[in-house]
């Protein structure tokens, strides 16, 4: 990876793209430090406070603490991701949207629709954000020290929601600029920058908890480091794994020349859905603790709902089981949207290709569907190991007397970090290959 970056730096065109990408990420981090007018979030732990494991904590991670302290980019790239997912799901059910994705002009229209939906979702999330901080008394009071009322409260809410919406739209634009003029995937890199900015705080917090707790520090700390390194290696291995379906193309004569006859393969990646199943599962499991946060003062200790919400704590075994099942479900769900075995079989038939030992048409589609189903299950199981390792780590720290060191979303963070790094390096290598860069080819 280091050698690839050094060789890429020697190419003027790639060097400009890398510098442009770094500049865009710097602007993103700058926006994460600019406060929103009228928001006054005080305290060391910010908006999330002690509500670890909730959806608020998840959003704080994805925005690099901007959500936690009421910054301009508090909503981050989340509305754009949600808008993209919604349109992908609608494209399956609405033929008109599916038709738009098959040509260049249609994809431009889909991109424009995604932007509009992003703004709409940002407005809704901005209103929810304002209502929550208003209920927590985290808005700037008037000159007399009291909360604004009437037109003043309306104006205050309008400014807060407008700034948050504009910030989300600007983050979306920054991501698109990276896609057009930079290197790598803009959305992924923005998530990468937000998570990396939190790493020093997370490491410091875990180390301080271990250091101040007692004698097990010298055992737990090395195990945590070894586990982190092992997880990174494991994710790299999982990302590179694939099943190759052999394909043989028939020979055909065109004029005086013979074409075809070569052998190829269809690569089916082990982790074909990436980190999306973990993100979806984390989002759903974060909703019950978030609801509990709003109504906790109305619950008694021995009520059913107190027990129910307790199941969704990151240190509960029910949480781990539901998390595992949701990851498998979303892995199959996403692969069913992205891959169509019938279409793959038809494309093979059009190009005079066939899988050795399998007849063309329906048998080929069934064979591909069977292979994809097995690979999705294997990828989901391997992904579950990464996602559930931090939960297991919390259980171990609780068992040895440290209490629950909350790293329940650490698996998602590590998968995103490693996946984005591998994806970006692969894109740099492909661009260097296209330029026939001698230093790289050697």
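Values quoted throughout were computed directly from the atomic coordinates according to the rules given, and no laboratory measurement underlies them. Only a predicted model underlies this, so the values are computations on that prediction, with no experimental measurement involved. Positions of Cβ are generated from backbone atoms using ideal geometry, with glycine treated the same way; all protein chains shown enter the neighbour counts.
Quick notes
- Spin-label model, residue 154/residue 422: points 7 Å from Cα along the beta carbon direction are separated by 5.4 nm.
- Counting 0.36 nm for each residue step from residue 23 to residue 136 and taking away their Cα separation leaves a gain of 37.1 nm.
- Simple spin-label estimate for residue 15 and residue 322 in nanometres, 7 Å along Cα-Cβ: 5.4 nm
- The modelled label-to-label distance for the pair residue 127/residue 381, using points 7 Å beyond Cα in the direction of Cβ, is 4.6 nm.
- Prolate/oblate/rounded call for segment 1-135, Cα gyration tensor, a/c under 1.5 rounded: oblate
- One decimal place: the segment residue 5-residue 107 gains 33.5 nm when fully extended, by the rule 0.36 nm per residue minus the C-alpha distance.
- A Förster radius of 41 Å combined with the Cβ-Cβ distance from residue 233 to residue 146 puts the calculated FRET efficiency at roughly 0.10.
- Here the peptides 345-355, 237-247, 177-187 are ranked by packing, the mean other Cβ count within 10 Å, and the order with the highest first is 177-187, 345-355, 237-247.
- At full extension, residue 264 and residue 291 could sit 4.5 nm farther apart than now, given 0.36 nm per residue minus the alpha carbon distance.
- Relative packing of peptides 424-432, 373-381 - highest average C-beta neighbours within 10 Å first: 373-381, 424-432
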